[in-house]
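What follows is a short report on a single structure.
The values are calculated or read from the model by the stated rules, or taken from the named source; none is laboratory data. Since the model is a prediction, treat every value here as computed from it, not as a measurement. Here the Cβ positions follow ideal geometry from the backbone for every residue, glycine too, while neighbour counts run over all protein chains shown. Please note that ligands, DNA and RNA were not included when accessible areas were found on the heavy atoms of the full protein model with its side chains. Shrake-Rupley method; radii C 1.70, N 1.55, O 1.52, S 1.80 Å.
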Amino acid sequence: MIYFISVCVYKKISYFQVMFPAFFHHLSLVLYQVLECVGVNPWVVERRRHTFLHREAAWDVHVHQAGLDRTNFHFGSQSEGTTTPGLQSDTDQLSTQNNINVMFSWADWQRGRLNLLMVREEDTPPQHYLLQGIRSFIPQPVTHIDHPDFVTDSQGRVFYSNMTVVGLSAAHWGDEHRRHGPSNSWSDDWDYVLALYCKTLPSEIMSWFTKMQHGYWPSQETLQAARLCGCFLVPDGHHGSVNQEIEWRITPNLIERLLMFSLNMVPIKCLVVLKMLKKQEFFKHIHCENCKFTTFHCKTALFFTLNRTPPTLWIKHRLIECIVRCLQTILEFLNQGEFPHFIVEGVDLFDGKLCRECQVSLEPAIQGMIQDDMHVLFHLQSDDLGQRLMALPHDVRPYPGDDVNAGICGKLARDLFEHYLAHVRSVCSRLCNNAEADMITSLNNEINILESLAVNARTTQYDNNYIKFVVKYLTSVKASVTSSSCIQSGDPFPQDIWQLYGESLNTDVASSKLKLASMHYCRGELWRAASVLNEVEFDLDDSVQPVCGCGREPANDKLPKKFCEYTVQNDSHEQLAKKLAFCVRFLREEKFCAPQFLWCEMYRAVGDDVDHRDFNERHWMDWAEVDARPFLLYLQYLTYRGLGVRHRQLEAFHGLEDIVLSLDKLKQLYHWETALNLLGHCWELEGDVQRALRVYKASLLLRPRNNAANWHKQRLELMLNN
């Protein structure tokens, strides 16, 4: 019976003439429940989508602050909600340059803009276009090169090169720059594409709307919305073309995302299983080094299957049947040696991805899965899916409170605020590098820009959440910079300084309060400092998650269970702030609000250390950055030392020592070398110079460059030698 299913494709037997085993219904329900437990459920899918829409908004506001005219999007598995922790999907971001007007026809020309006309030659590969330069003040082709981004062809025509984007990315990220097809990034886990937007859909996409009139899916409402989406051109020439460096590939990402967002849970679960099969089973039968069957092939097979089959198929107790139907679709394309794009006409997705030899080797593997009644599902290792299938229904926890789903929510929350803090770090870096401007004036300008954006009618709730966060954070910086200037000069504090501190105290559970306490300490107001520190100590319990935007990742990335459970039911920015502890950051302009020992962190480079900083470190290593918990204990040690409360001083000292000397706790820190340096200073103040020197040497052993311990080590060695 199952063999009959596998040969239906070749004999062109209708999908609806095939009978499936009765046990598929029971297995489908079990598989459906298992997928619920590993993050493929309506609740987590929705959380993923909202998180990445927040991230998109943060990018857009951030680039607007920086004076850039770009719009940013997240596409792919993470933003669609079609992934699980075990699939380890990367993050896909696409950014469009809005200052360029892409013309599909002369009617799209705009005066005063950089205009590019989409051109196809007889030998231009499918899905690709050349972009011809058109004058800004008259609709005529550019006849000579007056810009480094343009090149000429043999006929003297001027075209926009796709290599410009590669050059920009390489200059931006330096040695960390990586290129994979059209994507350019600094990490293997992140794909960043700088693209161009075309509001007019080309003919090879418009023909899709006509074809879709006769299928079961998508709906007419979805098709109507898709007509308004436009498309992107990404800098990716065809692998076999002589014009590879001036070809741009059209991609309908917005339409694809619209299609994915229109799906219910059954096709989403079906796609996740296909990805698991692809990751574990398909690749075994692909032997060529440059060949690969991708997740986009799986998504496209799902789209075709949805279009060909009635909605009555896509219900939970027929999930296994849906998976088999998708595998049959893949078999059909393997058999014919061509895998069509669902939306763009004339495109073969096997071209440049899977050679004919690998296609032939993949066919029997997929046939075998179907013939074996999909027993392969019991052997899937991603997220322990196979073991979970065999355990059900005896050992299943209800979502959303189980460990996996709670862990996903915790990670999404942490990563969102790391994303926010990275943007704030970039803003602070830009302001600090503007030597001509007064820091307070610059901060006021940034805050005013953000507040004016917040009242814009086009601003979304996603934008406003990020804007509120950044305004609050920059207000904290403004309060600290103002205080630092007053402490340095001995001037009285302005009347509004306490209002500034008050407006910024709940950025998170610890960092802004710790900066307030540090300011009180530096002013000699020790009892006030102690009072704030006691409040932070009470709030900084084991349910709080450390977060930093420095670009580092702790060696121990496990999130506190209580934090993850909290994020299940509390996902607003205000609620999450109660369980997040940002690293404490002091700019050089704030240094008189920081203990003097931390000043060395602002000048940590020795010799050519600056040349050995990565892309992210170049933004923050001229500041002092320290994890909240070690800084709390260090500041308590200093404060109670000044107050003469020895037992509280020793409590803080032993607490800091416990963090630093415990490898597990040290691995949870973002800035563990700074924590070691703080402990070394405590040993100095305790009068044990030899112990302090050993701690500084340990810090250097772990991070020999760009470490303030170099200064402390030299200072103590000089002291001991004299």
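List of remarks:
- Search result, residues across region 419-439 that are closer than 13 Å to residue 469 by Cβ and either open to solvent by 40 Å² or more (accessible area, probe 1.4 Å) or not in a helix (DSSP H, G or I) (or both): none
- Residue check: residue 453 meets all listed conditions (1) modelled with pLDDT under 90; (2) of a type in the set (A, V, I, L, M); (3) open to solvent by 40 Å² or more (accessible area, probe 1.4 Å) but one, namely (3).
- When region 188-202 is limited to residues that are surrounded by 15 or more Cβ atoms within 10 Å (Cβ to Cβ) and more than 11 Å from residue 250 (Cα to Cα), the one that is modelled with the highest pLDDT turns out to be 200.
- Note on region 80-123: among residues that are among the hydroxyl-bearing types (Ser, Thr, Tyr) and either open to solvent by 10 Å² or more (accessible area, probe 1.4 Å) or outside any loop (DSSP other than H, G, I, E, B) (or both), the one that is nearest to residue 36 (Cα to Cα) is 89.
- Region 279-331: number of residues that are closer than 25 Å to residue 379 by Cβ, among the acidic types (Asp, Glu) and surrounded by fewer than 17 Cβ atoms within 10 Å (Cβ to Cβ): 0
- Taken as a whole, the condition of being without any contact (Cβ under 8 Å) to a residue 40 or more places away in the chain and either crowded, with 17+ Cβ neighbours inside 10 Å or β-branched (Val, Ile, Thr) (or both) applies to residue 476.
- Residue 225 passes every criterion in (1) within 23 Å of residue 101 (Cα to Cα); (2) buried (at least 19 other Cβ atoms within 10 Å of the Cβ); (3) free of Cβ contacts under 8 Å to residues at least 60 places away in the same chain apart from (2).
- Residue count for region 27-50, restricted to those that are open to solvent by less than 10 Å² (accessible area, probe 1.4 Å) and either outside any loop (DSSP other than H, G, I, E, B) or of a type in the set (Lys, Arg) (or both): 7.
- Selection of region 131-142 for residues being open to solvent by less than 20 Å² (accessible area, probe 1.4 Å) and aliphatic (A, V, I, L, M) yields 131, 134.
- In region 447-464 there is no residue matching the filter, namely being farther than 21 Å from residue 434 by Cβ, touching a Phe, Trp or Tyr at 6+ places or on another chain (Cβ under 7 Å) and of a type outside the set (Gly, Ala, Ser).
- Every condition in (1) surrounded by 22 or more Cβ atoms within 10 Å (Cβ to Cβ); (2) in contact with a His (Cβ under 9 Å, 6 or more places away or on another chain) holds for residue 347 except the one numbered (1).
- The numbered conditions (1) acidic (Asp, Glu); (2) buried (at least 18 other Cβ atoms within 10 Å of the Cβ); (3) over 22 Å from the mean Cα position of the chain (by Cα) are all true for residue 508 except (3).
- All conditions but one from (1) in a loop (DSSP other than H, G, I, E, B); (2) at pLDDT 95 or above apply to residue 677; the one that does not is (1).
- Looking across 172, 128, 147, one residue alone is at pLDDT below 85 and either touching a Gly at 6+ places or on another chain (Cβ under 9 Å) or open to solvent by less than 50 Å² (accessible area, probe 1.4 Å) (or both). It is 147.
- Qualifying position, being of a type in the set (A, V, I, L, M, F, W, C) and without any contact (Cβ under 8 Å) to a residue 24 or more places away in the chain, among 638, 693, 678, 650: 650
- Neighbours by Cβ (under 7 Å, 6+ apart or cross-chain): first from region 560-576, within 11 Å of residue 542 (Cβ to Cβ); second open to solvent by 90 Å² or more (accessible area, probe 1.4 Å) and of a type outside the set (Lys, Arg): 560/542; 562/542
- Residue within region 521-535 that is touching an Asp or Glu at 6+ places or on another chain (Cβ under 9 Å), surrounded by 16 or more Cβ atoms within 10 Å (Cβ to Cβ), within 20 Å of residue 485 (Cα to Cα) and not aromatic (Phe, Trp, Tyr) present: no
- Selection of region 53-79 for residues being touching a Leu at 6+ places or on another chain (Cβ under 9 Å), open to solvent by 10 Å² or more (accessible area, probe 1.4 Å), more than 20 Å from residue 431 (Cβ to Cβ) and part of a helix (DSSP H, G or I) yields 54, 55, 77.
- Checking each residue in region 287-308 for being over 28 Å from the mean Cα position of the chain (by Cα) and in a helix (DSSP H, G or I) picks out 304, 305, 306, 307, 308.
- Tally, over region 627-671, of residues that are in a helix (DSSP H, G or I), modelled with pLDDT under 95 and open to solvent by 40 Å² or more (accessible area, probe 1.4 Å): 4
- Within region 544-567, the only residue that satisfies the criterion of being surrounded by 20 or more Cβ atoms within 10 Å (Cβ to Cβ), within 14 Å of residue 412 (Cα to Cα) and aliphatic (A, V, I, L, M) is 547.
- All of (1) at pLDDT 95 or above; (2) open to solvent by 40 Å² or more (accessible area, probe 1.4 Å) hold for residue 574 with one exception: (1).
Rundown of residues vs (1) in contact with a helix residue (DSSP H, G or I) (Cβ under 9 Å, 6 or more places away or on another chain); (2) not small (Gly, Ala, Ser), yes/no style:
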| site | (1), (2) |
| --- | --- |
| 640 | yes, yes |
| 660 | yes, yes |
| 666 | yes, yes |
| 687 | no, no |
| 709 | yes, no |
| 714 | no, yes |
